[in-house]
Amino acid sequence: MKVGSGFLGMVLVLSSWLNAENNYQNIDYLLEKYKLESDLSKITKSESNGFVDIFTRDDIERMQAKTLFDILKLFTIPFISRTNINSTMFIKPSQKSMPMMGVRIFINDHDISASVYQSGALICGSITLDNIDHIEVYRSSASVEFGNETSSVIIKLYTKEPSREEGGKIRISGDDKGSSYLSVYQGKTIDKDREYFFYANTNKINREEYYNKGYPLKSDSSNSNIYANYDYNRWTFEYGRFQSESDPFLGLGTQATPSGGDIDTTYNYLHITKILENDLRIQSSVDIIDSSQYFQDKNGIYAGNYGFVQNYLLNTTDKIVSLIFDKTFKYNKNSLYIGGFYKHKHAEVEGNFDTKSLSFKTHYNLYSIYLEDKYNFSPTMMGIVSLKGDYYRYSSSEIEDKNKYIFRLGAIKNINKFQIKAFFTKTYYAAPLISLYSDDKNVPYKTNSSLKFSQPTLHSFGIRYKEKKNIANFRISYIKLTYPIAYDPALGFINKDKTFYVQYEASYTHKFDIKNRITLDVYHGRRKDMMEYSPPYGGHIVLHNSYKKFDFFNMLEYRASYSDYNVNVDASYDWTLGVRYHYSKDLLFGIKGENILNKGYRQIYKGLNFPISINDRKIWFNMEYQF
Amino acid sequence: MKKFIVLTLFISSLLGSAVEIEKGIYKTILKALFPTKKVIKVWSDDPSKKDLFESIPGIKVVNEKKIADILMLFNTLNVQRNSNQMIFANGYLILQRNKGVVVGGFYWQKGRPNLIFIKNRLEKVGIVLPTNLQKYIEDIK
């Protein structure tokens with residue numbers, strides 16, 4: 001096969017090294033193995049919360065990942081793409097997209113939330129990773145143990161632990177398109193009771209420019225991230241900030257012919273955690289999200305009841321105040337987790353649409369109580385029951401208050417080298433505020449205050465085989481979705497007929513030794529109506545290798561062909577190759593080629609008669625120095 | 001995060017494989033520091049490490065500090081010792097606060113476990129490390 005022959009050649013060369021006797025002296029080998037076996041993910045991961053995939057610190061570093069988007073490239077179901085306004089979107093195979101409420105992102109225990117759009121997943125692509133120790137991805141989750149708003153996919157990012165840093169790092173990267181990336185962090189323990197971590201990043205990402213009917217489609221962005229934490233005794237104070245300025249890409253025009261515009265987002269949060277002597281944990285946080293979306297399109301942008309406009313400006317401010325408490329009780333064979341939270345979600349919306357304007361404020365309060373009991377029937381068998389009650393109280397009398405419940409049953413059984421997991425989850429996705437409420441003009445969207453929340457019911461089964469050098473996984477999920485939400489320009493937000501979806505995943509990892517391994521995965525998703533609006537199946541081959549002072553990361557991603565809006569897309573092959581050279585223990589240089597074959601996944605957009613690659617063909621140069 | 005610190009105290013019970021490797025590392029360190037001793041008497045300020053040390057052949061954990069050959073410090077920033085006793089730091093801050101007296105350290109820094117032996121302390125007690133540990137000797141004042 002011609003396509004990917006370069007990748008396969010690389011696989012053969014690297015494989016020939018794998019059987020070579022390793023050069024580690026005994027103590028070097030022990031220290032390296034100790035580092036891997038002591039990874040913090042081994043402490044934080046929770047097998048009972050669903051199907052969990054881990055990206056360790058070592059994985060993230062070897063991948064030379066800069067943003068969460070780089071990690072999301074390894075996702076199977078859902079996989080990632082980008083929206084017409086250059087933000088990250090999640091797609092399940094064969095589906096057009098996945099509801100953004102279906103994915104939640106946490107930084108430590110802080111939920112990156114939102115009022116207007118309900119989920120912070122929109123900004124996730126710009127979250128940078130140099131302050132992140134490891135990432136856990138939970139699927140078929142009920143979100144109960146994470147004690148927050150509901151979702152079926154949870155992405156948990158854990159920041160680096162100061163007591164493991166006792167120093168800092170500076171990282172500088174740039175690519176052949178003129179992008180730049182600079183990050184610096186420092187973490188220290190001050191004494192037995194106090195420690196701190198500080199991180200700052202600034203980056204400018206230049207993207208390939210396309211043209212549609214003579215109009216440039218630009219998607220360059222400038223971003224900055226700040227994260228800081230301070231621990232004192234049993235108090236933790238965390239501050240985070242994400243700021244992003246992006247070109248409009250295709251914009252919101254019906255013909256995707258933008259003549260100007262930009263999207264600015266600033267997300268600030270403060271999160272305080274106190275663990276009392278009796279291990280009751282109390283958390284309080286404040287989130288403020290400012291978003292400004294400005295689009296120009298002479299061929300018209302649809303703005304609800306205002307009809308078509310050429311200038312579209314929508315400013316939103318979200319303010320979220322949260323108070324969360326939880327505690328775990330352990331007795332005999334039970335581990336009982338109990339918690340509750342209160343959230344006040346406030347939204348301010350202002351807009352200008354040519355000569356017309358819009359301004360309104362609204363809010364709602366969300367009260368939640370939840371419990372989860374894990375019962376160990378035997379040392380090899382665990383049963384899980386989760387219950388959650390969420391009570392939505394809206395300030396607008398137009399929207400009916402809602403009481404929603406989540407129920408989940410699970411079982412985990414270990415049989416020698418096999419682990420079997422089965423979950424039944426009855427949950428819901430809260431409708432975004434922007435779909436429920438606007439002012440009486442119904443601008444910029446035709447809202448629907450009687451819109452019902454989508455209600456997925458998940459049946460999931462997984463089996464894992466694990467021994468010293470081999471791990472194999474197979475997972476299948478059947479999802480019934482009642483009241484799916486869609487947007488129809490004529491009718492506005494509506495609930496559609498119930499539907500179902502089936503997804504299959506299989507993966508196999510072989511570890512040659514502690515630094516060399518190969519992973520293969522394949523996935524498939526099928527809609528009830530058998531339509532294929534995105535690749536119905538795909539897979540990855542991922543190689544992690546080391547040779548003397550060099551580390552190699554190879555990934556070939558395959559996604560099947562598909563068509564939508566009368567545009568056909570051939571099968572895609574996205575090859576990423578990263579090489580790191582450890583000049584010394586503290587200084588390394590890296591080079592990474594992305595979408596090397598220039599045959600990576602291309603997304604079809606409404607109003608555009610050609611697809612656009614989500615990853616540009618690029619070469620990144622990287623330097624990291626630890627101090 | 002603080003929760004990690006709380007959890008780290010119990011890390012040995014959570015990470016069985018890591019504990020086995022940790023045991024191998026301490027065995028290498030202690031055998032290198034006491035090459036001729038048949039039984040090495042170890043005192044530790046962390047009770048949770050007692051099982052780990054006792055499972056190493058040739059190691060005896062003692063409760064009385066003054067009869068120990070080596071003091072393994074995991075928590076104590078400043079410790080009193082006999083002049084013939086060695087001190088080994090098992091934390092970055094402990095190493096920094098006791099540079100003048102510790103013979104070496106095994107600790108996390110820059111996201112990785114580090115092992116060092118301090119040159120002038122080794123010379124003072126007349127220890128020559130085996131070849132595979134020589135590269136871990138540092139000249140720290």
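The values are calculated or read from the model by the stated rules, or taken from the named source; none is laboratory data. All values derive from a computational prediction rather than experimental measurement. Cβ sites come from the backbone with ideal geometry, for glycine too, and all protein chains shown count toward neighbours.
Residues that are touching a Gly at 6+ places or on another chain (Cβ under 8 Å), farther than 25 Å from B:L93 by Cα and surrounded by 18 or more Cβ atoms within 10 Å (Cβ to Cβ) occur at least once in the stretch A:180-200.
Residue-wise test of (1) in contact with a helix residue (DSSP H, G or I) (Cβ under 9 Å, 6 or more places away or on another chain); (2) more than 10 Å from chain A (Cβ to nearest Cβ); (3) among the aliphatic types (A, V, I, L, M); (4) assigned to a loop (DSSP other than H, G, I, E, B).
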| site | (1), (2), (3), (4) |
| --- | --- |
| B:M72 | yes, yes, yes, no |
| B:L77 | yes, no, yes, yes |
| B:S83 | no, yes, no, yes |
| B:G104 | yes, yes, no, no |
| B:W108 | yes, no, no, no |
| B:P113 | yes, no, no, no |
| B:L122 | yes, yes, yes, no |
| B:V128 | yes, yes, yes, yes |
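The single condition among (1) among the aromatic types (F, W, Y); (2) over 21 Å from A:T56 (Cβ atoms); (3) surrounded by 14 or more Cβ atoms within 10 Å (Cβ to Cβ) that A:Y547 does not meet is (2). Within the stretch A:149-182, can you find the residues that are away from chain B (no Cβ under 14 Å), under 21 Å from A:R580 (Cα atoms) and touching a Leu at 6+ places or on another chain (Cβ under 9 Å)? Selection gives A:I172, A:S173. One residue stands out in the stretch B:130-141 among those that are within 14 Å of chain A (Cβ to nearest Cβ) and part of a loop (DSSP other than H, G, I, E, B): the one that is surrounded by the most Cβ atoms within 10 Å (Cβ to Cβ), namely B:Y136. Residue under question is A:N448, and the condition is that it be farther than 30 Å from A:D59 by Cα, at pLDDT 90 or above, not in a strand (DSSP E or B) and not basic (K, R); does it hold? Judged against the criteria, A:N448 is a match. For the stretch A:287-337, the candidate set comprises residues that are basic (K, R) and touching a Leu at 6+ places or on another chain (Cβ under 9 Å); within that set, the residue that is nearest to A:N212 (Cα to Cα) is A:K327. Taking into account only those residues within the stretch A:491-512 that are loosely packed, with under 15 Cβ neighbours inside 10 Å and touching a residue at least 40 places away in the same chain (Cβ under 8 Å), which is nearest to the chain's Cα centre (by Cα)? Per the stated criteria, the residue is A:H510. The sole residue among A:S368, A:S359, A:S396 that is surrounded by fewer than 17 Cβ atoms within 10 Å (Cβ to Cβ) and either closer than 18 Å to A:E145 by Cβ or touching a residue at least 60 places away in the same chain (Cβ under 8 Å) (or both) is A:S359. Scanning for something assigned to a strand (DSSP E or B), among the small types (G, A, S) and farther than 30 Å from A:N268 by Cβ, does the stretch A:325-346 turn up at least one residue? Yes: the stretch A:325-346 contains one or more residues that are assigned to a strand (DSSP E or B), among the small types (G, A, S) and farther than 30 Å from A:N268 by Cβ. Exactly one condition in (1) touching a residue at least 60 places away in the same chain (Cβ under 8 Å); (2) buried (at least 21 other Cβ atoms within 10 Å of the Cβ); (3) more than 21 Å from the chain's Cα centre (by Cα) is not met by A:S572; state its number. Here A:S572 meets the rest and fails (1).
Listed by position, the helices (runs of 4 or more DSSP H) inside the stretch A:36-114 whose residues that are touching a residue at least 24 places away in the same chain (Cβ under 8 Å) number at least 3 are A:57-62, A:68-72. Of the residues making up the stretch A:580-617, those that are within 30 Å of A:P258 (Cβ to Cβ) and hydroxyl-bearing (S, T, Y) are A:Y601, A:Y605, A:S613. With respect to the conditions (1) surrounded by fewer than 16 Cβ atoms within 10 Å (Cβ to Cβ); (2) touching a Leu at 6+ places or on another chain (Cβ under 7 Å); (3) not in a strand (DSSP E or B), A:D529 falls short on a single one, namely (2). Restricting the stretch A:237-259 to residues that are within 14 Å of another protein chain (Cβ to nearest Cβ) and surrounded by fewer than 22 Cβ atoms within 10 Å (Cβ to Cβ), the residue that is nearest to A:Q283 (Cα to Cα) is A:F237. Screening the stretch B:117-129 for residues that are farther than 19 Å from A:N26 by Cα and in contact with a strand residue (DSSP E or B) (Cβ under 7 Å, 6 or more places away or on another chain) and picking the one that is surrounded by the fewest Cβ atoms within 10 Å (Cβ to Cβ) gives B:V125.
Quick one: would you say A:S292 is within 22 Å of A:N86 (Cβ to Cβ), small (G, A, S) and either surrounded by fewer than 19 Cβ atoms within 10 Å (Cβ to Cβ) or within 14 Å of another protein chain (Cβ to nearest Cβ) (or both)? Spell out the reasoning first.
Working: within 22 Å of A:N86 (Cβ to Cβ): yes; small (G, A, S): yes; either surrounded by fewer than 19 Cβ atoms within 10 Å (Cβ to Cβ) or within 14 Å of another protein chain (Cβ to nearest Cβ) (or both): yes.
For A:S292, the condition - within 22 Å of A:N86 (Cβ to Cβ), small (G, A, S) and either surrounded by fewer than 19 Cβ atoms within 10 Å (Cβ to Cβ) or within 14 Å of another protein chain (Cβ to nearest Cβ) (or both) - is met.
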